[in-house]
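Notes follow the structure.
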């Protein structure tokens, strides 16, 4: 079980590293945000099957639902941003520095 | 925006924050934080101006990342102790990840970099929601965690916040950025007592919200977006005086209510014998007092030479609803010092 939770948490840390060192595109940032939530889903599903609390499988599906809502909100914002700024690149999203 | 849609989004915003405050299980807390983030996105970005859309995007990315981090931080606790209860955090990794997520959500230093950018892209009414209402849920979580496990992370972050709030606001010309840095500094003062007596932090937080809302409403009424428009502002003269009083109260000058925000932490520090950290807080708040006084100077204490055709009628205001709200919030800044004895119930 220690190896199992270590593998699952390494997925979580990969997601964090992907969000933090991303330099080029907004879409890859949103993808790594989804990776964080999917790793959460895997973690909770695994825990609930090992410890026999099967109600948390239901909970995990709700988690997926809300992460889908959040992803769609992020994509809508990306569409709105590309309509106003005409680009997806993170270096061009710099209106608010002044 | 459509009145029905506006009402629905504000209702779900209030519902999300209430869900966070009143629950003991990690799932409704994450749900409430996500709900408040998702319901605020249309409220901030419906005008489709470039600055608002960019500010909304930055706000959404930070809040979504920190909410995912929060629930992921509750999971090590799950593997160790099989419990979803908020009030039983047994694993130190879990405590660290959850605290880091809440610090990113609140905008405390060293994770404060998104906050001035987001506030400077939004009109003042949206600024009130971001700077005052959205801080309630993560602050409640942070303070309830401090009740269980006191750790030095909070003190270090609050010292850094006060210093960043002071030095960051010095070179700004945009009033929204100045108020953002002042908000960062004030949250540093609010959270510093959380290491010692977390119940008192709620009182300091209430004062911060009331004072900040009054100032932001006055700025909205007069459309005071930049320092250059402060001297040409067409507010009613009594509003200019109350604006100055509210700003000096935010700076923490003694007969006004905001002094509570400064004197209670100093009493708590000296009662616990931690005199070493006091100079950091005093230096940070002194520097922020300088740029509050700069705003006061530009608003009320100078009269630029102007052509007589430029003197507009001083009875115009952007919104007729904000005047009674300002009138009910300002007495807190004037008479607030009478609420100091509440603190002595907690010692």
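The values are calculated or read from the model by the stated rules, or taken from the named source; none is laboratory data. Every value quoted in this text rests on a predicted model; they were computed, and no experiment measured them. Here the Cβ positions follow ideal geometry from the backbone for every residue, glycine too, while neighbour counts run over all protein chains shown.
Only one of the listed residues (B:17, B:11) is touching a helix residue (DSSP H, G or I) at 6+ places or on another chain (Cβ under 8 Å) and either at pLDDT 95 or above or surrounded by fewer than 17 Cβ atoms within 10 Å (Cβ to Cβ) (or both). That residue is B:17. Within the stretch A:12-30, being within 10 Å of another protein chain (Cβ to nearest Cβ) and surrounded by fewer than 17 Cβ atoms within 10 Å (Cβ to Cβ) holds for A:13, A:20.
So, residue B:224, is that one in contact with a helix residue (DSSP H, G or I) (Cβ under 7 Å, 6 or more places away or on another chain), surrounded by 20 or more Cβ atoms within 10 Å (Cβ to Cβ) and part of a helix (DSSP H, G or I) or not?
For residue B:224, the condition - in contact with a helix residue (DSSP H, G or I) (Cβ under 7 Å, 6 or more places away or on another chain), surrounded by 20 or more Cβ atoms within 10 Å (Cβ to Cβ) and part of a helix (DSSP H, G or I) - is not met.
Here the condition is being in contact (Cβ under 8 Å) with a residue 60 or more places away in the chain, under 27 Å from residue B:29 (Cβ atoms) and more than 14 Å from chain A (Cβ to nearest Cβ); of B:124, B:140, it holds for B:140 alone.
For the stretch B:254-273, a residue qualifies if it is without any contact (Cβ under 8 Å) to a residue 60 or more places away in the chain and not in a helix (DSSP H, G or I), and exactly one does: B:273.
Counting only residues that are in contact (Cβ under 8 Å) with a residue 24 or more places away in the chain, surrounded by 22 or more Cβ atoms within 10 Å (Cβ to Cβ) and either more than 10 Å from chain A (Cβ to nearest Cβ) or under 29 Å from residue B:209 (Cα atoms) (or both), the stretch B:67-96 holds 6 of them. The residues of the stretch A:85-98 that are surrounded by 14 or more Cβ atoms within 10 Å (Cβ to Cβ) and at the interface with another protein chain (Cβ under 9 Å from one of its Cβ atoms), listed by number, are A:85, A:93, A:95, A:96.
Against the definition (surrounded by fewer than 23 Cβ atoms within 10 Å (Cβ to Cβ), in a helix (DSSP H, G or I), modelled with pLDDT of 95 or more and out of contact with any strand residue (DSSP E or B) (no Cβ under 6 Å at 6 or more places or on another chain)), how does residue B:155 come out, yes or no?
When the stated conditions are applied, residue B:155 does not pass them.
Taken together, the criteria place residue B:328 among residues that are exposed (fewer than 13 other Cβ atoms within 10 Å of the Cβ), outside any loop (DSSP other than H, G, I, E, B), at pLDDT below 90 and under 20 Å from the mean Cα position of the chain (by Cα). Take the residues in the stretch B:45-60 that are more than 14 Å from residue A:79 (Cβ to Cβ) and crowded, with 24+ Cβ neighbours inside 10 Å, then tell me which one is nearest to the other protein chains (Cβ to nearest Cβ). Within the stretch B:45-60, the match that is nearest to the other protein chains (Cβ to nearest Cβ) is B:55. Within the stretch A:62-84, the set of residues being more than 26 Å from residue A:44 (Cα to Cα), within 7 Å of chain B (Cβ to nearest Cβ) and free of Cβ contacts under 8 Å to residues at least 24 places away in the same chain comprises A:77, A:80, A:84.
The residue list B:144, B:182 contains one member that is part of a helix (DSSP H, G or I) and more than 20 Å from residue B:223 (Cβ to Cβ), which is B:144.
Among the candidates B:174, B:182, B:201, which residue alone is modelled with pLDDT of 90 or more and surrounded by fewer than 22 Cβ atoms within 10 Å (Cβ to Cβ)?
Going through B:174, B:182, B:201 in turn, the sole match is B:174.
Only residues that are surrounded by 18 or more Cβ atoms within 10 Å (Cβ to Cβ) and at the interface with another protein chain (Cβ under 8 Å from one of its Cβ atoms) were counted in the stretch A:31-54, giving 8.
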